[in-house]
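Contents: one structure, followed by commentary.
The values are calculated or read from the model by the stated rules, or taken from the named source; none is laboratory data. Keep in mind the model is a prediction, meaning the values are calculated, not measured. Positions of Cβ are backbone-derived with ideal geometry, glycine not excepted, and every protein chain shown enters the neighbour counts.
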Amino acid sequence: MFEQFFYQEKGLFLQSLHPAAALTYLGVLLVLALIFTNPLYLLGLLLVVVLAIIAAQGMATWEVYFRLSLGMMVLVIIINPLVVHAGETIIWWGPRLPVFGPLTVSLEAICYGAAMSVRLLTIISVFCLYNLIIHPDKALSLLARLASRSALVLSLATRMFPAMMRQLENIREVQVMRGVDFNAGTLKERLPKYASLINILLLSSLEDSLEIAEAMQARAFGSGRRTCYRRDTWRPRDSLCLGGSILALVVAFYGQLTGASTFIYYPQLSYLLNSRMTIILLIIMLLALSVPVFMSWGWRRCLYFKARI
């Protein structure tokens, strides 16, 4: 059940990227999702992230993320108009409350709540894409070059939850093979059965921690300069992805500085298309961010292209 939330090696193009290039790409997506307020740009970013998730064969996983975030999105859309009264286009007048004053709902507040819900979904989708394409050990190996001990702690922490869930499932299967029925009986009768699972899991985790300590000691951890077991090769595909990410970031900041990609919600809604430059910058940014998606499509269908990049 929980396997889809963790990284799974599938031999895909996006998984073959250098961790530095992949992290830069994801970082640019996250930064752009945070700085943009224009609904067109937010929807475009969401479209790019969803296309990348499709290229990573993770739509089933993204649907779970979408269902989990749908409740938060609805809350944002509902609560923001009820709390914020800065808009001038009032579409509903409510009763006067003792502390909050007159309850009003403005069109600007509804649009802002809807845009922020799209931003929230985009950010959650970026983290979903991170789990699909980047191995945690590869990502933390970059940090290990600067702070090896901190990287080790992060590596152990990130693998703890998925390892515990797999171990818990294995323990449960063993208990079922021994005749333990976790669904039979009342809640009071089932609690001791689940308590035994937690007890066994705790003992197994302590044994695993001792094994990790012994392995670190056998590898002489902390005795000298850190060595590298494997090195990730920088390929042309990584340069193309990095170039597209940097181009998208430059275009985005240019649009923010010139006002071509900005959008004002309060006190009145501004125009979605401020000028022709708004569409031009949006198209350039989306094409630059879609470079990994296009290369993933060519990587699957053209052996020559796959060999060249």
Qualifying residue in the range 108-117 (condition: at pLDDT 90 or above, under 16 Å from the mean Cα position of the chain (by Cα) and either surrounded by 14 or more Cβ atoms within 10 Å (Cβ to Cβ) or in a helix (DSSP H, G or I) (or both)): yes
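Table: residues versus (1) closer than 27 Å to residue 276 by Cβ; (2) touching an Asp or Glu at 6+ places or on another chain (Cβ under 7 Å); (3) buried (at least 20 other Cβ atoms within 10 Å of the Cβ).
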position	(1), (2), (3)
10	no, no, no
27	no, no, no
33	yes, no, yes
42	yes, no, yes
45	yes, no, yes
55	no, no, yes
73	no, no, no
77	no, no, no
81	no, no, yes
Pick from the range 174-205, criterion under 31 Å from the mean Cα position of the chain (by Cα) and free of Cβ contacts under 8 Å to residues at least 24 places away in the same chain, ranking: farthest from residue 156 (Cα to Cα): 198
Of all residues making up the range 282-309, the number that are charged (D, E, K, R) and part of a loop (DSSP other than H, G, I, E, B): 0
Residue ID - surrounded by the most Cβ atoms within 10 Å (Cβ to Cβ), chosen from residues in the range 261-281 that are of a type in the set (Ser, Thr, Tyr) and in a loop (DSSP other than H, G, I, E, B): 261
Whichever residue in the range 141-180 is of a type in the set (D, E, K, R) and not in a helix (DSSP H, G or I) and, among such residues, is surrounded by the fewest Cβ atoms within 10 Å (Cβ to Cβ): 178
Residues that are hydroxyl-bearing (Ser, Thr, Tyr) and under 21 Å from residue 245 (Cβ atoms), drawn from the range 259-277: 261
Residue satisfying condition, being small (Gly, Ala, Ser) and either in contact with a strand residue (DSSP E or B) (Cβ under 9 Å, 6 or more places away or on another chain) or modelled with pLDDT under 90 (or both), within set 244, 222, 255: 222
Index of the failed condition, residue 220 passing every other in (1) over 30 Å from residue 24 (Cβ atoms); (2) part of a helix (DSSP H, G or I): (2)
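For (1) on the phi < 0 side of the Ramachandran plot; (2) touching a helix residue (DSSP H, G or I) at 6+ places or on another chain (Cβ under 8 Å); (3) not assigned by TED's automatic domain parsing to the domain that holds residue 55, each residue gets a yes or a no:
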site: 104; (1), (2), (3): yes, no, no
site: 116; (1), (2), (3): yes, yes, no
site: 119; (1), (2), (3): yes, yes, no
site: 132; (1), (2), (3): yes, yes, no
site: 147; (1), (2), (3): yes, no, yes
site: 151; (1), (2), (3): yes, yes, yes
site: 182; (1), (2), (3): yes, yes, yes
site: 198; (1), (2), (3): yes, no, yes
site: 205; (1), (2), (3): yes, yes, yes
Qualifying residue in the range 217-228 (condition: surrounded by 14 or more Cβ atoms within 10 Å (Cβ to Cβ), charged (D, E, K, R) and within 25 Å of residue 137 (Cα to Cα)): no
Residue in the range 62-82 that is at pLDDT below 85, among the small types (Gly, Ala, Ser) and over 30 Å from residue 309 (Cβ atoms) present: no
Residue 176 vs. criteria at pLDDT 85 or above and touching a helix residue (DSSP H, G or I) at 6+ places or on another chain (Cβ under 9 Å): no
